[in-house]
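Read-outs throughout are calculated quantities, based only on the coordinates presented, and are distinct from any laboratory measurement. Quick caveat, the model's predicted, so the values are computed rather than measured. Neighbour counts are summed over all protein chains in view; Cβ atoms, including those assigned to glycine, are modelled from backbone coordinates with ideal geometry.
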């Protein structure tokens, strides 16, 4: 019995070691889209580099970079990213790829946004119909993009009634809420296509240039502390902007639909 | 209802196919929680017993504090441990953030008050029984504490298992300090949160049933090894 216990204990506490590793904070939409499962094994194979992902909202991702707890940040909120670099938290900003935001809502479409003229028109119709709308409400890139659309339509979120529901959660959790309430929601296309609990929801509107969603990589400033692996972040950046990454990113499809478009400039 | 049934079948297939990832995160869950449990018990059990035996000025205050800390919100514990362990924080040089060690620290903070409080309650009753005997034998304070801990070991086991239960199902704190990194700090509870976020309820529920099963197995194993509930045994 004792020997069995010792064996179990040794198995439990056995440690593994391996290749070089770095930490990168990424947005929930990047991970929920499933692209990470394609890119990380390729990075491991090509560079012998383990990229440890911390999957959080853009707000928290930048906060982790600011504290120097990660080596790089991959997010999608241009204004916040430029502020991050300007404040000296990141060395520079490198655009990698883009996808787009889409309007998802109940199939019955009570606000009739399916033939909206623009994203601003779509949110005006939702506001006019007072149809339930779920907002991320977590200061993430998607949340900021959604706020920009409301502002561009000349509407003030603060004055909305209880049909506007900020849930303060990640993309997947917010989609679950929208699915449960049969509400409208703004999602990035990748997370929506990869989402497993669609219920009665459908993709209703997309295509406005205002819904463009750029992802960028920000290596964290190595002056913050001695543990930051800027060399690995630079290696990762070179890989993410290489033709090999371009082929993997452009080739990633769900149900025959491409999710991301590679647009890094060499 | 369909989802719950799907969850059962997902759990069954995960276990039946010896899914490598499931093994990995289950073992990591056990490793983190059992380590935290051992550390917390070493602190909390003598502390709970000491509080039962010793009379001192602020005793009532200390006991109330420990009882109150049983309700510590895990997210707040996680945030505090995060700020302390962050590379920008006071213990940043140790480089412990986003490691299993950070998760163990957070769990120790969460379950130590639980174990200490329950241990104190049961030791207090035992002390009422043993008080006259141990005083008349002219025992030292340390001898009294050891005697109580030895004779009250069944109750202390319950206290420890309550702590285990709280730790194995905890998600808020370890999500913040561990970061739910694949192959490093992903455990059963954070994996469940992740799969729920992806809308894959069947897999999330499957992992949930595995977690419940794990808790049952550990409890049974501890009871069997310590030979409780047997005829002729106290």
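Dividing the summed -39500 (n - 2.57) terms of all DSSP H runs of n ≥ 4 by the residue count of chain B sets its mean residue ellipticity at 222 nm at -25500 deg cm²/dmol. Considering only beta bridges that DSSP places wholly inside segment A:99-211, some 60 percent are antiparallel. Modelled label positions at residue A:117 and residue B:83, each set 7 Å beyond Cα in the direction of Cβ, lie 5.1 nm from each other.
Fewest-first ordering of B:182, A:31 by other beta carbons within 10 Å of each residue's beta carbon gives B:182, A:31. Counting only alpha carbon atoms, the long axis of helix A:119-129 and the longest principal axis of chain A meet at about 60°. Each of B:82, A:215 has some number of other Cβ atoms within 10 Å of its Cβ, and from fewest to most they run B:82, A:215. Here the protein assembly as shown carries DSSP beta bridges of which approximately 60% are antiparallel, counting only pairs with both residues inside. Legend: ranking of residues A:144, B:141 from fewest to most surrounding C-beta atoms inside 10 Å; resulting order B:141, A:144.
Taking the C-alpha atoms only, the angle from helix A:171-181 to the longest principal axis of chain A is near 40 degrees. Using Cα atoms only, what is the angle between the long axis of helix B:59-69 and the major principal axis of chain B, expressed in degrees (0 to 90) to the nearest 10? Approximately 10 degrees, to the nearest ten. Taking the helices alone, chain A has a mean residue ellipticity at 222 nm of -11500 deg cm²/dmol, built from -39,500 (n - 2.57) per DSSP H run of at least 4 residues and averaged over all its residues.
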